[in-house]
Structure formats: C-alpha cells, structure tokens
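Have a look at the structure below, then the notes.
The values are calculated or read from the model by the stated rules, or taken from the named source; none is laboratory data. Predicted model only: the values in this text are computed from it and were never measured. All Cβ positions, glycine included, derive from the backbone under ideal geometry; neighbour counts span all protein chains shown. The accessibility values were calculated without ligands, DNA or RNA, using every heavy atom of the protein model including side chains. Shrake-Rupley method; radii C 1.70, N 1.55, O 1.52, S 1.80 Å.
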Amino acid sequence: STKETLPPTLQPTRFPTQEPSQSPSASPSTTIRAYLENISPYSIQAFDDPTSPQTTSLQFLENDHADLFQTDLSSPDMRRRIAQQFALATLFYATGGEQWTQSNGWLTVSDECKWISSFAQAVGVCRSNIIRRLHLPFHRLKGSLPPEIALLSDLITLDLSENALSGTLPTELGLFTGIEFIDLHGNNLSGIIPSELGLLTSLSALHISSNNLEGAIATEI
C-alpha cells in the first residue's frame, strides 16, 4: 500500500522580511551600570533599591552626565572617571551632602576633581585627573560610610574626621593598598575594627579615636 501524503501547508513567509538593521549598541546607562556592577559587586543589591544612595548616584551618571560617557568604555581614563564620580556621588548622597557645611560645586560640573578642589584645604587632590586626597573634616557628614568609597583606589590620604558618620567601618577600606593616612576620629562609628585594615601596608597613620569602635587594630599596621 502507498503512504498517504498530507496536503502541503501554507508556504512559510521568508524571514526576515526586511534587511536586518544594525544591532543596537548598549545605551550609556546600561553600559555604566554593567561596568559598575563588575568593579563594585557590593553595589549590585543596592541598585535594586530605588531609594538607595547607589541608585541615586547611578541615575545621576545616567541622566546628568550621559553625554560625557558616550565614548567607548574601553578607555582606561573613561572607566576611571566613572568609578571616581560614582564613588563621590554615593558618598554625597549617603552622608546628606545637601546639608554639608560646604558642598559648592559638587555634582554640578563634569570634572569630579573640581568637586573636591572647591575646598580650600583640598590642594593637590588630583594628579593627572586621578583623585589622590579626600579631605572633608568638620563638614557635617551624617550617615554610614558607603563601601563604594573604595573605588577611589588611588587615594593616599582620607580625612573625614569630626563629622557625624555612624555605622560600621566598611571592610572595603582594606582595598586602599596605597593609602598612607586615614583620619576618621570624632565620629559615631561603631562595631568591630575590621581586620582588613591589616592589608594596608603603606599606612603610616590611622586615627579612629573618639568613636564607639571595638576590638584591636591589626598588628600588621
């Protein structure tokens, strides 16, 4: 017997019907977020909270400075600029920047070195557009010190003394491998002194008195 042949179905439409367009490039915001999640994994969960300082900082980069970051993120200079602006903006939003004693210039111009150099005591904060010093003593910083500050990986001095910082010291401070001077005295910091501070082999001065910290300072310092 012969096998019964079913009638043919409708001829399928050719696919695609039009010439394919070029693949869309990632939007600046998507690219920036993906890059930040790669270099700052401790920010990923915070990005899911629309009210977090990290999300507000990301939105700042996306909306206010999108044109600045249109260029290829393979540029080391552009990647550093994104990291530095994100770190400073997160510090600003996490510690009530609008209520600081002085915040003139912060987040208003494209050059983040000028945000800090608006302060008289901030001479020499940058070298070749790399932030080297962050001095904000007596500025009414209030809130927790965000771990994203570690993205300022080329810092040699950090002075946030005599403010109202609270919460614990982020373990990410141990990423400041070249830092020489840290002054966080006169705040409301609490909890255990992180052992990661022992990784700071270049550190010559650490001032954390007049807080509510517990434990011993690593003997490696």
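Evaluation of A216 against the conditions (1) open to solvent by less than 50 Å² (accessible area, probe 1.4 Å); (2) of a type in the set (A, V, I, L, M); (3) not in a strand (DSSP E or B) shows that the sole unmet condition is (1). With respect to the conditions (1) assigned to a loop (DSSP other than H, G, I, E, B); (2) farther than 30 Å from A164 by Cβ; (3) modelled with pLDDT of 85 or more, T17 lacks only one, and its number is (3).
Taken as a whole, region 192-211 holds no residue that is within 24 Å of T56 (Cβ to Cβ), modelled with pLDDT of 95 or more and over 17 Å from the mean Cα position of the chain (by Cα).
Cβ-Cβ below 7 Å, separation at least six or inter-chain, first residue in region 80-92 and in contact (Cβ under 8 Å) with a residue 60 or more places away in the chain and closer than 7 Å to L151 by Cβ, second open to solvent by less than 10 Å² (accessible area, probe 1.4 Å) and among the small types (G, A, S): which pairs? Every condition considered, the pairs that remain are F86/S57. When the residues of region 164-186 are narrowed to those that are outside any strand (DSSP E or B) and open to solvent by 20 Å² or more (accessible area, probe 1.4 Å), which ends up farthest from R80 (Cα to Cα)? Restricting to residues being outside any strand (DSSP E or B) and open to solvent by 20 Å² or more (accessible area, probe 1.4 Å), the top hit is H185.
Tell me, please, whether a residue that is of a type in the set (A, V, I, L, M, F, W, C), modelled with pLDDT of 95 or more, touching a helix residue (DSSP H, G or I) at 6+ places or on another chain (Cβ under 7 Å) and open to solvent by less than 70 Å² (accessible area, probe 1.4 Å) can be found in region 141-150. Yes; the residues of region 141-150 include at least one that is of a type in the set (A, V, I, L, M, F, W, C), modelled with pLDDT of 95 or more, touching a helix residue (DSSP H, G or I) at 6+ places or on another chain (Cβ under 7 Å) and open to solvent by less than 70 Å² (accessible area, probe 1.4 Å).
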